[in-house]
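Trainee: Below you'll find the structure I mean.
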Amino acid sequence: MDGARQERLRLEGVRKVFRSAGGEVEVLRGVSLALAAGEFGVITGPSGSGKTTLLMVAGLLQPADGGREWFDGREVSGLGERELAEIRKHGAGMVFQKFCLMPHRSALDNVQFRFRYLECDAREARKLSEAALERVGLAHKAEQAARLLSAGEMQRVAIARALALPPRLLLADEPTGNLDPDSAARVMELFRELNRGGMSILLVTHNAEWVAPGTTHWTMHEGRLFRA
C-alpha cells in the first residue's frame, strides 16, 4: 500500500454502553469507520447522537464494550491502559471543546503539561512548547494566565498543547463550539494547514460550514454512523 494512504484508524462494529442505576444506554451501536493517513474526516450530527463518545473511543481514552479497533495497522482492542498510553503519547492528540486548561497557570505551562508523563528534558519540553505556541500565533501570550485569554486564544492554547509533540492523528471535539465567528475561522484555517502538512484529523462538529474542509464526511444519529 502507498505509505501516503496507509490506514491511520479503523473501527469495526464498535459498541459503547453506559450503565447507571437507571439501566443501560447503548451510546455507540456497531460503529465502523476507516481513516487514512493524511485524511480529514468530519462527523456531524445532533447533540446526544454519540459523537463525543465515538471520539473518546477512537482516541483511546475510553474502552469500547464491543467491536474492534486498529491504530496505524495495529489492533488495539483489549490492550491495557499502559500500552494505550504509550500509543497516545505520540500517536493521538485530543482537542476538547471546553479547552481543559489550568486557568491560573500560564499558556506556556498549559502547553508544557503535554510532557508530564514523557521522558523529556525540561529545556527541550519548554522549547517544543514555545514553538507550538508560535505555530498557533500565541508566542506573545506565553506568560499570560489562561484565565485572562479570550475563548479563541484558549482554544489555540489547547491546540498548541496537542501539537507540542505532533500526533499522527488529531481528534477535535466541537473545537469551534464556544468561539465567535472570527476565532472559529482562525482555528479551522489552522486545522486546514495541519492537514495540508500531512496530519490526519477527525473532527466532530455541529456546524455544517466546517464539512467543506474535510475529505470525508459522516453523519451520526442515535449511536449509528453513516457515510454522508
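Just so it is clear, none of the values below were taken in a lab; they were calculated from the coordinates. Being a predicted model, the structure only gives us computed values, none of them experimental. Positions of Cβ are backbone-derived with ideal geometry, glycine not excepted, and every protein chain shown enters the neighbour counts.
Trainee: Total Lys pairs in the range 3-227 closer than 23 Å by alpha-carbon, pairs eight or more apart in sequence or interchain only?
Mentor: Taking the Cα cut-off of 23 Å, the pair count is 8.
Trainee: Any idea how far apart Lys98 and Gln144 come out in nm if each label point goes 7 Å out from Cα toward Cβ?
Mentor: The answer from the label model is 2.3 nm.
Trainee: Within a Cβ distance under 14 Å of Phe226, other residues only, what is the Lys/Arg minus Asp/Glu net charge? Please list the in-between numbers first.
Mentor: Details: positive: Arg29, Lys51, Arg224, Arg227; negative: Glu222.
The answer is +3.
Trainee: Over its Cα atoms, what ratio of radius of gyration to 2.2 N^0.38 Å does the range 107-228 give? Could you put the intermediate results ahead of the total?
Mentor: Details: Rg = 15.4 Å, N = 122, 2.2 N^0.38 = 13.7 Å.
Taking N as the residue count of the range 107-228, the ratio is 1.13.
Trainee: Treat every Asp and Glu Cβ in the range 3-227 as -1 and every Lys and Arg Cβ as +1, leave all other atoms uncharged, and give the resulting dipole magnitude about the Cα centre to the nearest 20 debye. It would help to have the intermediate numbers written out before the result.
Mentor: Numbers: 31 positive and 28 negative charges, 27 e Å.
Using only the charged Cβ atoms, the result is roughly 140 debye.
Trainee: Mean residue ellipticity at 222 nm from the helices of the chain, using -39,500 (n - 2.57) per DSSP H segment of n ≥ 4 over the full residue count, to the nearest 500 deg cm²/dmol?
Mentor: Details: 6 runs with 68 residues, N = 228.
Value at 222 nm, helices only: -9000 deg cm²/dmol.
Trainee: Could you pull the Rg and Dmax for the range 1-92, using just the Cα atoms, both in Å?
Mentor: Rg, Dmax (Cα atoms, Å): 13.8, 49.
Trainee: Obtain the nm distance between the two label points defined at Ser32 and Gln62 by a simple spin-label model: each point lies 7 Å from its Cα along the Cα-to-C-beta direction.
Mentor: 2.2 nm
Trainee: Something else about it: If you bin every alpha carbon distance in the chain into 10 Å steps from zero, what whole percent lands in each bin?
Mentor: Answer for the chain: a P(r) of 8, 33, 36, 20, 3, 0 percent.
Trainee: Here is a follow-up. Taking the Cα atoms of the range 100-148, report the difference between the largest and smallest coordinate on each principal axis, in whole Å and largest first.
Mentor: 31, 20, 15
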